[in-house]
Amino acid sequence: MMRAPDVLQDEALRRISRAERLLMVASGKGGVGKSLISMALASTLSEMGRKVGLLDLDVHGPSIPQVFRSERLIKATKHGLEPLKIDGLELMSLGYIVRDSPVPLGGEDKMSLLKMMVALTDWSPLDYLVVDLPPGTGDEMILAIRALRRHPKSGTVLVTLPSRLSLSVVKRALDLLRDEGVRVLGIIENMAYIRCGGDIVRPFGSLDYSSLGADLLGSLPLDPAVEEALASGKPPHKASKEVMEAISAIASRIEVMM
Ligand SMILES: Nc1ncnc2c1ncn2[C@@H]1O[C@H](COP(=O)(O)OP(=O)(O)OP(=O)(O)O)[C@@H](O)[C@H]1O
Ligand SMILES: [Mg+2]
């Protein structure tokens, strides 16, 4: 039997194709700094003169509206949902729609909601659309990458802590992304080291990703100023010079690769 065409999928492709490049930020598990890195990369690319959109696909814990704060509501027009414009970025997050209310949707309903966010957001023509993917390797993440992977110029970075226990998580996430036909640009280590005076302490040690066939794009320090910035609604890259330098170097590498 022929499958009915998926109207939302086609609509999703049309919408994300407003951006010349699609940069997805993934992680094998939650809480490793995926949102921080999505926001910092988006801001840095914007400061490099690119037109950038940031799409938050985390349904249960959307962090972007806590940092890029706005009292304004997402407007629906006849063209779709209009992203908010803050700090030179175009931003879309469920958090701008439901604010702090929980979203107790499950199963198919949650999947429809994610698809609709991708299919209805009316981006301007962009150089980059950065996507903060749902955490982990579960249904939501798989649905999101299936909706996004048809973009002709897309790439994914994988965020991890450099702990040995994380290596198997990274491997699982890489296998999943590759099985789904997603181009992996490389790995970003977050909270990899702490600077104490003149010394650098690497609490997790160092990991070698070469056996996984993935490049390390860069390592970010654990900097209390980042946590402080995120908690007080300040874009992270403005808080920490060291994080900003690492992110700038990563953004330049991404530009070359994409
Ligand atoms: N390099 C860093 N230095 C200091 N704090 C950090 C750093 N990276 C992330 N954090 C803090 O760790 C917490 C988790 O980061 P973040 O929200 O970006 O992770 P996430 O992977 O998006 O999590 P989730 O799976 O919940 O979406 C945040 O409170 C953030 O401020
Ligand atoms: Mg997050």
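The values are calculated or read from the model by the stated rules, or taken from the named source; none is laboratory data. From a predicted model like this one, the values you see are computed outputs, not experimental measurements. Cβ placement follows ideal geometry from the backbone for every residue including glycine, while neighbour counts extend to all protein chains displayed. The area values use the complete protein model at the heavy-atom level, side chains included, leaving out ligands, DNA and RNA. Shrake-Rupley method; radii C 1.70, N 1.55, O 1.52, S 1.80 Å.
May I ask you to list the residues in the stretch 53-72 that are of a type in the set (Asp, Glu) and either part of a loop (DSSP other than H, G, I, E, B) or more than 10 Å from ligand 2 (Cβ to nearest atom) (or both)? Within the stretch 53-72, Asp58, Glu71 qualify.
Out of all the residues in the stretch 210-235, which are within 16 Å of ligand 2 (Cβ to nearest atom) and either in a strand (DSSP E or B) or of a type in the set (Phe, Trp, Tyr) (or both)?
Answer for the stretch 210-235, where residues must be within 16 Å of ligand 2 (Cβ to nearest atom) and either in a strand (DSSP E or B) or of a type in the set (Phe, Trp, Tyr) (or both): just Leu220.
Restricting Lys110, Lys85, Lys115 to residues that are within 18 Å of the chain's Cα centre (by Cα), part of a helix (DSSP H, G or I) and basic (Lys, Arg) narrows the list to Lys115.
Are any residues in the stretch 53-80 surrounded by 14 or more Cβ atoms within 10 Å (Cβ to Cβ) and of a type in the set (Val, Ile, Thr), and if so, which ones? Once the filter is applied, which keeps residues that are surrounded by 14 or more Cβ atoms within 10 Å (Cβ to Cβ) and of a type in the set (Val, Ile, Thr), the stretch 53-80 yields Val59, Ile64, Val67, Ile74.
Condition test on Asp179, is it farther than 21 Å from Lys241 by Cα and either within 16 Å of ligand 2 (Cβ to nearest atom) or touching a Phe, Trp or Tyr at 6+ places or on another chain (Cβ under 9 Å) (or both)? So Asp179 fails the test. Taken together, Val118, Val103, Val130 contain a single residue that is closer than 26 Å to Ala249 by Cα and open to solvent by less than 80 Å² (accessible area, probe 1.4 Å), which is Val130.
Taking the options Leu13, Leu22, name whichever one is away from ligand 1 (no atom under 16 Å from the Cβ), touching a strand residue (DSSP E or B) at 6+ places or on another chain (Cβ under 7 Å) and not β-branched (Val, Ile, Thr).
Leu22
Pairing each residue of the stretch 16-40 that is at positive phi with any residue that is open to solvent by less than 20 Å² (accessible area, probe 1.4 Å) and within 13 Å of ligand 2 (Cβ to nearest atom), provided the two are 6+ apart or on different chains, yields C-beta distances under 7 Å for Gly33/Val159; Gly33/Asn190.
So in the stretch 150-166, with the set limited to residues that are in a helix (DSSP H, G or I) and not charged (D, E, K, R), which one is surrounded by the fewest Cβ atoms within 10 Å (Cβ to Cβ)? It comes out as Leu165. Quick check: is even one residue across the stretch 30-52 open to solvent by less than 10 Å² (accessible area, probe 1.4 Å), away from ligand 2 (no atom under 16 Å from the Cβ), more than 26 Å from Leu176 (Cβ to Cβ) and outside any helix (DSSP H, G or I)? Within the stretch 30-52 (the criterion being open to solvent by less than 10 Å² (accessible area, probe 1.4 Å), away from ligand 2 (no atom under 16 Å from the Cβ), more than 26 Å from Leu176 (Cβ to Cβ) and outside any helix (DSSP H, G or I)), the answer is yes, since at least one residue qualifies.
Please count how many residues of the stretch 194-241 are within 16 Å of ligand 1 (Cβ to nearest atom), hydroxyl-bearing (Ser, Thr, Tyr) and open to solvent by less than 20 Å² (accessible area, probe 1.4 Å). So the answer is 1.
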